[in-house]
Structures are given as structure tokens and as C-alpha cells.
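J.: For reference, the structure I am asking about is given below.
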Amino acid sequence: MKIGSIFQSMFPELAKLFTIFWLILTGILMSGYVITTLTSTQVFLFVWPIFLFWIGSVSFNIIKHDFHYALKLGATRKQFMLASMLLVLVFIGMGAVVHHSLIQLLPWVASIVGMEQVLLLGFAEFLPALSLSFVLVYELIAVLFVAILLFFIASVRQCFGTKAVYFFLAGVGVLFLIPFVQEAMITYVTTLHQGEALFTIYWFILPIMGLLAASHSLLKRTSLR
């Protein structure tokens, strides 16, 4: 079974979910403009962070629902993983196009019809020192990290079962409770907000590659049960 065939078998259903997601999110954004205009209060809305959760759920469900199906149709684990990553990258690219189209189009439409503006929050608002091109870098690396992390968690579940995922998440939760870790995270975010160490975002490429390699290793060990 070729990578293209695996991709084509999964793409239509995910494309439907992608369309529904953005239609709902666009409706929420438009409601925000209406509420702001009617109540004369400032409304804050997120767009890209919500997309992070959607792409993360897609990555998780690709493993959960499609892994055994693809293998039973004759795909190898390597073919499945390459097709899955291609699928995730395609939807990330499509999401980026829709996202930036919306944040440009909605304020323009609102100004034409005389509606109050909504504050759409993203990396540009939290990190004002970022240029437009660097905002795109932050968005893409952030969404890639979330997508691959959820892909890895789904691979852990597929290989070791749900309990292993609970132990993993519990370990991560305990890690975040350590005062030293909390202080380091706050310091790092503060440094970024001040416009310093902005290029450290590229460090996240290393854990992304590590999670990909670990996912591939786990899927190679997974049996058809």
C-alpha cells in the first residue's frame, strides 16, 4: 500500500472535520464582534491556540482510529507514519492560511459595516517584539510540537495501553509542580516577552525530532491485536 493511498483514505474525513472546525470558530469570532458592538465592551478571542488543540486531537486520533486499519490494508508502519505526518503538515498549512485570512478579513469587514473591533490574541500580542515572519515561525513550531506530542502520546497508548498514558501525564504533571521548573518557565516566558532570546524557539525542533523518533520506535513494536 503506497503512502499516497494511505493519505487519500484518511484525508476526506479529516477535511470535513477541518471545515466544520473553522466554520464553528468563524461563527464564534463573528459572535464576538456582535457582542462587542451591542455591549460596547472589549472582547478577547483566541484563534491559533484553539487550532493547536484541534490539530493535537487529529494527531492523536490518527493513531487511535487509523493505525490498525491501515496495517490491515497492507501498509507498513513506516508508510503509515510518513502518510500521517504528511497529513498533519497539510492541515497545519491549510490552518495557517485560514487563520491569517480570518485575522485580516474580519477586522476589515467589521470596519466597513461599522462594528466594534475584537482583540484577536496570538503570539504577536504576547510577544510584541516579533516580526510578522517570526510570528509565523512561532505559530508553526508551536503547532508542530503539540501535534507531534499528541502523536507520541497516542503511540504510547497503542503500544502499552491507556494506563501508560496516565502514568506519562502524571509524570509531566508532577514535573510542572516542581518550584524550580515553574520558576524556569516563568523566567523564560518573561524573557521572551521582553524581546530577548527569541531565537530559542528553534530549540523546540530537537524535542519534536526526538518525539517523532520515539513514536516511530513505539509503532514498530506495536502488534495487531
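The values are calculated or read from the model by the stated rules, or taken from the named source; none is laboratory data. Model, not experiment: these values are computed from the prediction. Here Cβ is always computed from backbone atoms with ideal geometry, including for glycine, and neighbour counts include all displayed protein chains. Just the protein is used for accessible areas: all its heavy atoms, side chains included, with ligands, DNA and RNA removed. Shrake-Rupley method; radii C 1.70, N 1.55, O 1.52, S 1.80 Å.
J.: For K220 and E13, what is the calculated FRET efficiency with R₀ set at 22 Å and r taken between the beta-carbons, to the nearest 0.05?
T.: Values: r = 26 Å, r/R0 = 1.17.
For R0 = 22 Å, the calculated efficiency reads 0.30.
J.: Sticking with this one: Given the Cα-Cα distance of L175 and F46 and 0.36 nm per residue of separation, how much length would full extension add, in nm?
T.: Roughly 43.7 nm would be gained on extension.
J.: Points 7 angstrom from Cα along the Cβ direction at M185 and I141: gap in nanometres?
T.: Each label point lies 7 Å from its Cα, and together they span 1.8 nm.
J.: A further question follows. Run the quick spin-label model on I24 and V113: label points 7 Å from Cα toward the beta carbon, then report their separation in nm to one decimal.
T.: Using points 7 Å along Cα→Cβ, the separation is 2.2 nm.
J.: Right, next: Just need the relative contact order of the chain here, percent rounded to a whole number, with Cα pairs under 8 Å and 6+ apart.
T.: 28
J.: Can you give the FRET efficiency to the nearest 0.05 for I35 and Q104, using r as the Cβ-Cβ distance and R₀ = 30 Å?
T.: 0.90
J.: For all pairs of alpha-carbon atoms in region 17-160, what percent lies in each bin of width 10 Å, listed from the first bin to the last filled one?
T.: Distribution as computed: 10, 34, 29, 16, 8, 2 percent.
J.: Grab the Cα-Cα distance for L132 and Q194, subtract it from 0.36 nm times how many residues apart they are, and report the gain in nm with one decimal.
T.: Working: separation 62, 0.36 × 62 = 22.32 nm, distance 1.68 nm.
Value of the extension gain: 20.6 nm.
J.: Further, regarding this structure: At what distance in nm do the modelled label points of F167 and S5 sit from each other, each positioned 7 Å from its Cα along Cα→Cβ?
T.: Once both label points are built, they end up 3.8 nm from each other.
J.: Suppose all protein chains stay in the model; what accessible area per residue would a 1.4 Å probe give for the chain, in Å²?
T.: Numbers: 12670 Å² over 225 residues.
Accessible area per residue: 56 Å².
J.: Moving to a separate point now. What is the calculated FRET efficiency for V90 to L206, with r their C-beta to C-beta distance and R₀ = 22 Å, to the nearest 0.05?
T.: Once the sixth-power term is evaluated, E becomes 0.40.
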